[in-house]
Amino acid sequence: MADIFRNYINGKWVDSESGQTYQRTNPATGELVATYVKSTAKDVQVAVDAARTAFESWRLFPAPKRGEILYRVGQIMLDKKEQFAREMTEEMGKVISEARGDVQEAIDMAFYMAGEGRRLYGQTTPSELPNKWNMSVRKPIGVAGIVTPWNFPMAIPSWKIFPAIVAGNTVVFKPASMTARSAVRFVEILTEAGVPAGVVNLVIGGGGEVGDAIINHPEIPLISFTGSTETGIAVSTAAAKLNKRVSLEMGGKNAVIVMDDADLDLATNGILWSAFGTSGQRCTAASRVVVDRNVQATLVDRLADRAASMKLGDGLDESVDVGPVVSGNQLKSISGYVQIGQQEGARLVTGGNIATDGDLGRGYFHQPTIFDNATADMRIAQEEIFGPVTTVVPVDSLDEAIKVVNGVKYGLSASIFTADVNAAFRAMQDIFTGILYVNAGTTGAEIHLPFGGTKATGNGHREAGTATLDFFTEWQSIYVDYSGRLQRAQIDNQ
Ligand code: UN1
C-alpha cells in the first residue's frame, strides 16, 4: 500500500479537511505510485493564515540567515538527489538522467539564492541636498501563491520558492496534482534545513479547487504561475481584479534554425535533444526546425534515422532515450496534432503513432515524430504540442528563417546553428525570444540568467537570475536628512 502524501501547513503534515484522496499511477507502467490528499479552499484558508502569521517574523529574520537555510537545503538535496530523481521518473515519466538534471537545477538554485541572502542589493545615491542620504532597499511583499507544473517537479518550484523566501516572503505552494510527491519531498527538505513553521505551506489538490482559491484569495498579493497560456491568462484576469502582482510563464513554440554552413551532426544532436528530451514536454522544446533548403534533405534524413532508433521505455532503465508522456489525456492531444499535421499536408517522415509494443502498452508512449515540408502557417508549426513531435519548415534565406521564427504568438526560446558569425549576430539581434542559443538546441537554461519569454509566453517577468528578485520584492526608496533643518527637494537646492 503506497503512502498517503499530505499537506504541510504551519509546520505540520496534515490531512485535507475534505477527507478525500486521489491517486497517481506511473505513466510508464500503470502501477500505483502514490495517494495524495485532495484539498479544498478551506485548506488554502488555513495555509494563508499560517503564512500571514509567519510573515511577521520571517520578514525580520536576517536575510543572510535565510540564505544559510537555503544553503542547507542545497546540501540535503544533493545527498538525496538519486532518490528524488527515481521518484520523479516514477511519478511523471522523464528519463532518469533528465530527472537528475531536474533535481540538480533545484540544487543550483538553492546555492545561488543562498548567496543572494548576503546581497539583495539596492542602490545608494548622492542627494541633491547637503547632509542627506539616499538609498533604495528591497522589501518582501507578503504571502506568495506559487502554482507549478508537472514537467519540472523540483526545478520550477525552486525557481519560485527560493527567491520568494530568501527575500522574506512566505509561501502557499500548490504543485501540479500529478507530481505532488516530488513537492512533498521538496518541502520535507525545507523543513529539515530549518525553514520555520508557516513560511512554506503546501496544499495538494486540483487547479479548480486549490488553484482558484489561491488566485482569488485577497490576502495573497503575489502569484507566480507556470502552465498553459490559456490558464495563465485566466489567472491574470482573476488576479487583476484584486490588483495582485502576477508572474506568468506559459507556452512556447521554439524553433531551431539550421543554416547551410552549419555542422549538421551537431545540429542533429541539438535538435533531437531539444525536441524529444522529456518526451517533448518542455516549455523550451524544439518543436520547429527552420532549415535552409540546401541542407534540408540531408538534415531530415539524419534526424529521421536517429529518431526512429531512439529507445522508448520506462525512464528508470538507463538505456532508454524517451520515456512516456505524462498522461492519457496528453497522449490523446499529441495524437490529435499528428492527425492535424497529416490533414494539413505536411510529410510525416518518422513516428506518428502511439507506441504499444510489449511493455509499452502498459504506459502512455508516443513515437518520436517528425514532420517535413511544413509551411510556417500550419497549426503544427504554430501551436504548442507539448509532446515528442517536431515540424520542419524549409526556407531560402536567413531573413526568411528569422521571419518564420518570430512568426508565432509565443516567444520563449530559439536557436541557430551556423558557422557564420555574422548570421549568429543577426539572429541575436532580430529574434524576439526571451532565450536564444547559438550552436546549441533550445533547451539548457542555466539558473543564474533570467528565464522567460516574450509575447504570449509571459507577462514581462523573468524567473531565476537576479531578475526574479524584481518580482518577489517591492522597492522602498529611503531619504535620510541629517541636516537638522527643513530642506525642500527641487526647491532649496538652487
Ligand atoms: C520548462 O520547460 O518549463 O532550459 C523549463 C531548460 C530547462 C528548464 C525548462 N533547464 O529547458
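The values are calculated or read from the model by the stated rules, or taken from the named source; none is laboratory data. All values derive from a computational prediction rather than experimental measurement. A quick note on method: Cβ atoms are made from the backbone with ideal geometry, for glycine too, and the neighbour counts reach across all protein chains shown. Heads up: the accessible areas ignore ligands, DNA and RNA and are worked out on the full protein's heavy atoms, side chains in. Shrake-Rupley method; radii C 1.70, N 1.55, O 1.52, S 1.80 Å.
Quick one: Kirkwood hydrodynamic radius for the range 192-252, alpha-carbon pairs, angstrom, one decimal?
12.7
When the distances between all Cα atoms of the range 343-401 are binned every 5 Å from zero, what whole-number percent does each bin get?
4, 17, 22, 22, 14, 10, 6, 3, 2, 0
Hey, which of these cross-link pairs are over 23 Å Cα-Cα: Lys38/Lys174; Lys174/Lys253; Lys160/Lys409; Lys160/Lys244; Lys38/Lys65?
Correct reply: Lys174/Lys253; Lys160/Lys409; Lys38/Lys65.
Using a 1.4 Å probe over the heavy atoms of the protein chains, calculate the carbon and sulfur portion of the accessible area of the chain as a whole percent.
Values: 9790 of 19670 Å².
C and S atoms contribute 50 percent here.
Across every pair of different alpha-carbon atoms, what Kirkwood hydrodynamic radius in Å does the range 1-146 reach?
18.8
Arranged from highest to lowest average of other beta-carbon atoms within 10 Å per residue, in what order do the peptides 392-398, 202-208 appear?
Those peptides, ordered most packed to least, come out 202-208, 392-398.
So what's the net charge close to Lys241: Lys and Arg +1, Asp and Glu -1, counting the other residues with Cβ under 15 Å from its Cβ?
0
Evaluate the charge dipole of the chain about its Cα centre and quote only its size in Debye, nearest 20, assuming +1 on the Cβ of each Lys and Arg and -1 on the Cβ of each Asp and Glu.
Result for the chain is approximately 1620 debye, rounded to the nearest 20.
With N residues in the chain, what two-decimal value do you get for its Cα radius of gyration over 2.2 N^0.38 Å?
1.03
Please give the net charge around Glu446, taking every other residue with its beta carbon less than 12 angstrom from that of Glu446, where Lys and Arg add +1 and Asp and Glu add -1.
Cβ neighbours under 12 Å give a net charge of -2.
Per the helix-only calculation at 222 nm, which mean residue ellipticity applies to the chain, given -39500 (n - 2.57) for every DSSP H run of n ≥ 4 and division by its residues, nearest 500 deg cm²/dmol?
The per-residue figure over the chain is -11500 deg cm²/dmol.
Per residue, what volume in Å³ does the Cα convex hull of the range 182-336 take up?
185
Please check the chain for the longest run free of chymotrypsin sites (Phe, Trp or Tyr not before Pro) that are loop-located per DSSP (anything but H, G, I, E, B) and have at most 14 other Cβ atoms within 10 Å.
122-431
Applying 1/(1 + (r/R0)^6) with R0 = 45 Å to the Cβ-Cβ distance of Asp265 and Leu60, what FRET efficiency is obtained, to the nearest 0.05? The partial results should precede the final answer.
Numbers: r = 56 Å, r/R0 = 1.25.
The value I calculate is 0.20.
His448: accessible area at probe 1.4 Å, nearest 10 Å²?
Only protein atoms counted, so the area is about 100 Å².
Which log10 I(q)/I(0) values, to two decimals, does the range 284-339 give at q = 0.23, 0.24 Å⁻¹ under the Debye formula with one point per Cα?
-1.11, -1.12
With every protein chain left in place and a probe of 1.4 Å, what is the accessible surface of Glu56, to the nearest 10 Å²?
100
Can you compute the label reach from Asn353? Point 7 Å from Cα along the Cβ direction, backbone N cut-off under 19 Å, restricted to the range 374-411.
388-390
Across all directions of projection, what mean area in square nanometres is found for the Cα convex hull of the range 70-119? Walk me through the numbers on the way to the answer.
Details: hull surface 12.6 nm².
Directional mean of the projected Cα hull area for the range 70-119 stands at 3.2 nm².
For a label point 7 angstrom out from the Cα of Gln490 toward its Cβ, which stretches of the range 112-155 have the backbone nitrogen within less than 18 Å?
Residues passing the 18 Å test: 127-130.
Given a Förster distance of 35 angstrom, what is the FRET efficiency for Gln429 paired with Lys409, based on the Cβ-Cβ distance and rounded to 0.05?
Numbers: r = 21 Å, r/R0 = 0.61.
E(calc), rounded to 0.05, equals 0.95.
Which whole-angstrom value gives the distance between the alpha carbon centres of the range 1-66 and the range 409-466?
Value for the Cα centre distance between the two parts: 35 Å.
So what's the angle, to the nearest 10 degrees on a 0 to 90 scale, between helix 293-308 and the longest Cα principal axis of the chain?
90
Rounded to two decimals, what ratio of Rg to Rh does the range 438-487 give with C-alpha atoms and a Kirkwood Rh?
When Rh is taken as the Kirkwood radius, the ratio is 1.33.
Using the beta-carbon distance between Leu78 and Lys132 and R0 = 51 Å, what value does 1/(1 + (r/R0)^6) give for FRET efficiency, to the nearest 0.05?
Details: r = 48 Å, r/R0 = 0.93.
Efficiency computed from Cβ-Cβ geometry: 0.60.
Mind pulling the angle between the C-alpha long axis of helix 63-79 and the longest principal axis of the chain? Nearest 10 degrees, somewhere in 0 to 90.
30
What net charge is computed for the residues neighbouring Ala106, neighbours being all others with C-beta under 12 Å from the C-beta of Ala106, Lys and Arg scored +1, Asp and Glu -1?
Result for the neighbourhood of Ala106: +2.
Semi-axes of the range 368-494's equivalent ellipsoid from the Cα gyration tensor, sqrt of 5 times each eigenvalue, largest first, rounded to whole Å? Intermediate results must be reported in sequence, preceding the final value.
Working: eigenvalues 403, 59, 39 Å².
Working through the eigenvalues yields semi-axes of 45, 17, 14 Å.
Find the percent of Cα-Cα distances in the range 37-107 that exceed 14 Å, and round it to a whole number.
Percent of Cα pairs beyond 14 Å in the range 37-107: 71.
Largest first, please: the extent of the C-alpha atoms of the range 312-426 along each principal axis, to the nearest Å.
49, 34, 24
Per residue, how large is the accessible surface of the chain? Use a 1.4 angstrom probe and give square angstrom.
40
Using the Cα centre as the reference, give the magnitude of the dipole from point charges on the C-beta atoms of the range 422-483 (Lys, Arg: +1; Asp, Glu: -1; all else neutral), rounded to the nearest 20 debye.
So the magnitude is around 340 debye.
If one takes the longest principal axis of the Cα atoms in the chain, at what angle in degrees, from 0 to 90 and to the nearest 10, does the Cα axis of helix 41-58 lie?
50
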